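S.K.: Next up is a structure, given as structure tokens.
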Amino acid sequence: MPVQLKKHLKIFLAIQSAGMAKDIQLRGNFTLTLIGSLCYFYLHLISFKLIISRFHFPGWDTGQLWILLFTFEIFTYLAFFFFWRGLQLTPKEIGTGTFDVLLSKPFSSRFLAFFRNCSLHNLASAIFGAVYLVLTIVKYQIHTTPTGIILYLITLAGSLWIFHCISVLFICLNFKYGFLPGTSGVAFEIQEIYKYPATIFSSSGFLIRLLVIPLSLLTTIPAASLLLKPISFPLLTTYLSSLIILSIWSQYSWSSALRHYSSASS
Amino acid sequence: MSSVIAVNKLKKYYKVHQKEPGLTGSIKSLFSRKYYDAKAVDGVSFDIDEGELVGFIGPNGAGKTTTLKVLSGLLYPTFGHVSVLGYTPWERKPEFQKQFSLVMGQKNQLWWDLPAIESFILNKEIYEVPDAQYKKTLDELVELLEVADILKVQVRKLSLGQRMKMELIAALIHSPRILFLDEPTIGLDVVMQKKMRDFIKEYNRRYTATVILTSHYMDDVKELCKRIIIIDKGKILFDGALDEIIKKFATHKLLTVVFGKKVEESDLAAIGQIKEFEFPKAVISVKRSTASLAAAELLQNFPVADLNIEEPQIEDIIREVFTGRDLA
């Protein structure tokens, strides 16, 4: 396992260093997307201020809500940073047959498809989110511990993994039904769900709870971990079950989807 | 020599959706769709020995690329048994994938906005090529293909020929034992085509690599392959030495005559089928069995200044095989 992990990391770094070299080389594009991304970040900030000033979320005070919203920001931009290029390119490649190139490599095709060159401008926004998160901790004198920070990082990684698994499930549809460009952004389009604390959905109907709560936990769990806020047993179980079920489901779907790959004629 | 590739009764069928034209057709297809089974490969069998350089030829849609894709593990077959280097390709075991390379003239693996060297480094990591071997292989390939001066140039700035050379290096950096080349010379000018052919020949000779080549250019096949497999509509029409095609399919020979004095075209009709007539030259197609008799008759009854008996061009034979027409 450590050997495999090391290899994944090595290839990831090789892809990223080439990708970053590419991003920086296209200076004009890099500068524009960076500015656009930061504008979007500040637009989010304005909407957060509105949300916090107008609404009350039981069990979450203002400082804690800011932590949740900046966690949402960090999570969203890290998801964009890691997965967006792969999500954009993979359906197209499956449709045109360029996916052949990835599939013939002696390495996990899933890894190569989804962990393409990350987009630096999104990393910049995620870093901005992290800076604001620290400023919030200082401003509201929020108590946290090294354990809280470690738990935050672990659960943030777990949430990104869940997000990745959901994306894989949608992308797999391309193998069976041909080019479905809409599958690239589905996981991003539902981001409103994980902007708010999961607890606000607890009193909703069964279907909402089944579909929405696991997603809203993607940010609630890391934020609660950092705040050392107790999480109810059902929510924790839901989070862990989602992690396990989606990991298995996505891997199964990916393997069987590859059987349907028909490539494209040359 | 031992077989490195064994294919037995391979079939690959696709389910293809047939849509009626126009918006009405699109709306109809939302509710009900008609499908048919396209037989891309239909019961193909062959063996290839280590170090062989085999040409895989056929018209568009014959099943060449599909066969290569099954051999390289990209596609699952509908039926049949395939073994490549002792592995079942579609199991996609990394130890198998490290031993072959698939080069597609119409698809590229290089990063468009970066110099090709960056893609080579990435492939080095993916294929786990040790540093020393990587350096040695890269140096050799760069020398063979004469690309030292463009290694650090963005791929997008390279010409098609230069890009194809870089694609080849990226594909060969892990020194594969088997090379699947799918139309590697497509779109290249004649000079570059020749250079590519020379490289493939040299690579095959130097590393005893097994090479399967598909191409629409007969020069590629004639120059590189001793053995060819002709495939059409998913079935193998011929598998053997290039020379054997002539024996098997060429039922006629061509007599090229240069006349010393004026001859009427109609007078030559009795000799055979006139393919070309422009005084003083005529090209007449005659049955192989009667070629010498026809030549004797020409010499005896016509003012012949020069006479040549030739086999038809291999391109013509293959074209006729595909169209199913007589070669006369």
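S.K.: What's the number of the only condition in (1) away from every other protein chain (no Cβ under 14 Å); (2) open to solvent by 10 Å² or more (accessible area, probe 1.4 Å); (3) assigned to a helix (DSSP H, G or I); (4) in contact with a Ser or Thr (Cβ under 9 Å, 6 or more places away or on another chain) that A:Leu258 fails to meet?
M.R.: The single condition A:Leu258 does not satisfy is (1).
S.K.: Additional query: Which residues, taken from the stretch A:45-65, are assigned to a helix (DSSP H, G or I), of a type in the set (A, V, I, L, M, F, W, C) and surrounded by 12 or more Cβ atoms within 10 Å (Cβ to Cβ)?
M.R.: Narrowing the stretch A:45-65 to residues assigned to a helix (DSSP H, G or I): A:45-54, A:62-65.
Subset that is of a type in the set (A, V, I, L, M, F, W, C): A:45-46, A:48, A:50-52, A:65.
If the condition is that a residue be assigned to a helix (DSSP H, G or I), of a type in the set (A, V, I, L, M, F, W, C) and surrounded by 12 or more Cβ atoms within 10 Å (Cβ to Cβ), then A:Leu45, A:Phe48, A:Ile51, A:Ile52, A:Leu65 are the ones that fit.
S.K.: Let me ask something else about it. For a quick check of your reading of the model, give me the residue pairs whose first member lies in the stretch A:30-57 and is more than 15 Å from A:Glu192 (Cβ to Cβ), whose second is open to solvent by 90 Å² or more (accessible area, probe 1.4 Å), with beta-carbon atoms closer than 9 Å and at least 6 apart or on different chains.
M.R.: From the stretch A:30-57, the pairs are A:Phe30/A:Ile24.
S.K.: Sort out which residues of the stretch A:200-241 are touching a residue at least 40 places away in the same chain (Cβ under 8 Å) and either out of contact with any helix residue (DSSP H, G or I) (no Cβ under 8 Å at 6 or more places or on another chain) or more than 21 Å from A:Leu160 (Cα to Cα) (or both), and write them in order of number.
M.R.: Matches in the stretch A:200-241: A:Ile200 only.
S.K.: Here's a follow-up. Anything in the stretch B:212-224 that is crowded, with 20+ Cβ neighbours inside 10 Å and outside any strand (DSSP E or B)? List them, or say none. Please lay out each step first, then the result.
M.R.: Residues of the stretch B:212-224 that are crowded, with 20+ Cβ neighbours inside 10 Å, as a first pass: B:212-215, B:220-221, B:224.
Selection gives B:Ser215, B:Asp220, B:Val221, B:Leu224.
S.K.: Here's a follow-up. Could you grab the pairs with beta carbons closer than 6 Å, sequence gap of 6+ or different chains, first residue in the stretch B:257-284 and under 16 Å from B:Ala305 (Cα atoms), second one open to solvent by 50 Å² or more (accessible area, probe 1.4 Å) and among the acidic types (Asp, Glu)?
M.R.: Note: pairs meeting the criteria are B:Val258/B:Asp306; B:Phe277/B:Glu265; B:Val283/B:Glu276.
S.K.: Sort out for me the helices (runs of 4 or more DSSP H) sitting completely within the stretch A:66-161 that have 2 or more residues that are within 14 Å of another protein chain (Cβ to nearest Cβ) and modelled with pLDDT of 90 or more.
M.R.: Working: elements: A:99-103, A:109-114, A:120-139.
Filter on the stretch A:66-161 gives A:99-103, A:109-114.
S.K.: With the condition kept exactly as written, say whether any residue in the stretch B:297-307 is touching a helix residue (DSSP H, G or I) at 6+ places or on another chain (Cβ under 7 Å) and touching a residue at least 24 places away in the same chain (Cβ under 8 Å). Let's see the steps before the verdict.
M.R.: Restricting attention to the stretch B:297-307, the residues satisfying the condition of being touching a helix residue (DSSP H, G or I) at 6+ places or on another chain (Cβ under 7 Å) are B:304, B:307.
Applying the additional criterion that residues be touching a residue at least 24 places away in the same chain (Cβ under 8 Å) yields B:304, B:307.
Yes, the stretch B:297-307 contains a residue that is touching a helix residue (DSSP H, G or I) at 6+ places or on another chain (Cβ under 7 Å) and touching a residue at least 24 places away in the same chain (Cβ under 8 Å).
S.K.: Hey, another quick one. Can you name the residue in the stretch A:17-39 that is modelled with pLDDT of 85 or more and surrounded by 17 or more Cβ atoms within 10 Å (Cβ to Cβ) and is also nearest to the other protein chains (Cβ to nearest Cβ) among such residues?
M.R.: A:Thr33
Yes/no matrix, rows are residues, columns are (1) farther than 27 Å from A:Arg110 by Cβ; (2) within 14 Å of another protein chain (Cβ to nearest Cβ); (3) assigned to a loop (DSSP other than H, G, I, E, B); (4) touching a Cys at 6+ places or on another chain (Cβ under 7 Å):
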{"position": "A:Phe163", "(1), (2), (3), (4)": "no, no, no, no"}
{"position": "A:Leu169", "(1), (2), (3), (4)": "no, no, no, no"}
{"position": "A:Leu228", "(1), (2), (3), (4)": "yes, no, yes, no"}
{"position": "A:Leu235", "(1), (2), (3), (4)": "yes, no, no, no"}
{"position": "A:Ile245", "(1), (2), (3), (4)": "no, no, no, no"}
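S.K.: Taking the stated definitions as given, is B:Pro184 in a loop (DSSP other than H, G, I, E, B) and touching a Phe, Trp or Tyr at 6+ places or on another chain (Cβ under 8 Å)? Write out each step before concluding.
M.R.: Values: in a loop (DSSP other than H, G, I, E, B): yes; touching a Phe, Trp or Tyr at 6+ places or on another chain (Cβ under 8 Å): no.
For B:Pro184, the condition - in a loop (DSSP other than H, G, I, E, B) and touching a Phe, Trp or Tyr at 6+ places or on another chain (Cβ under 8 Å) - is not met.
S.K.: Hand me the list of strands (runs of 3 or more DSSP E) wholly inside the stretch B:21-131 holding 3 or more residues that are over 30 Å from A:Phe12 (Cβ atoms) and either open to solvent by 30 Å² or more (accessible area, probe 1.4 Å) or of a type in the set (Gly, Ala, Ser) (or both).
M.R.: Values: elements: B:34-49, B:53-57, B:79-84, B:100-104.
Hits in the stretch B:21-131: B:34-49, B:79-84.
S.K.: Need at least 1 residues that are surrounded by fewer than 16 Cβ atoms within 10 Å (Cβ to Cβ) per element, so show me which strands (runs of 3 or more DSSP E) inside the stretch B:225-296 make the cut, counting only ones lying wholly within it. Show your work before the answer.
M.R.: Working: elements: B:227-232, B:235-241, B:252-259, B:273-278, B:281-287.
Strands (runs of 3 or more DSSP E) meeting the threshold: B:235-241, B:252-259, B:273-278, B:281-287.
S.K.: Residues of the stretch B:132-165 being within 14 Å of chain A (Cβ to nearest Cβ) and open to solvent by less than 80 Å² (accessible area, probe 1.4 Å), which ones? I'd like the intermediate steps shown before the answer.
M.R.: Quick first cut of the stretch B:132-165, residues within 14 Å of chain A (Cβ to nearest Cβ) only: B:134, B:152-157.
Within the stretch B:132-165, B:Tyr134, B:Val153, B:Gln154, B:Val155 qualify.
S.K.: As an exercise: evaluate A:Cys172 against (1) surrounded by 18 or more Cβ atoms within 10 Å (Cβ to Cβ); (2) more than 22 Å from A:Leu87 (Cα to Cα) and give the number of the one condition it does not meet.
M.R.: Result: A:Cys172 passes all but (2).
S.K.: Criterion first (within 13 Å of chain A (Cβ to nearest Cβ) and acidic (Asp, Glu)) does B:Glu52 satisfy it? It would help to see each step written out before you state the result.
M.R.: Numbers: within 13 Å of chain A (Cβ to nearest Cβ): no; acidic (Asp, Glu): yes.
The answer is no for B:Glu52.
The values are calculated or read from the model by the stated rules, or taken from the named source; none is laboratory data. Bear in mind that the values here come from a model prediction, so they are computed numbers and not experimental data. Don't worry about glycine lacking a Cβ; one is built from the backbone with ideal geometry, like all the others, and counts go over all protein chains shown. Calculation scope for accessible area: heavy atoms of the full protein, side chains included, ligands and nucleic acids excluded. Shrake-Rupley method; radii C 1.70, N 1.55, O 1.52, S 1.80 Å.
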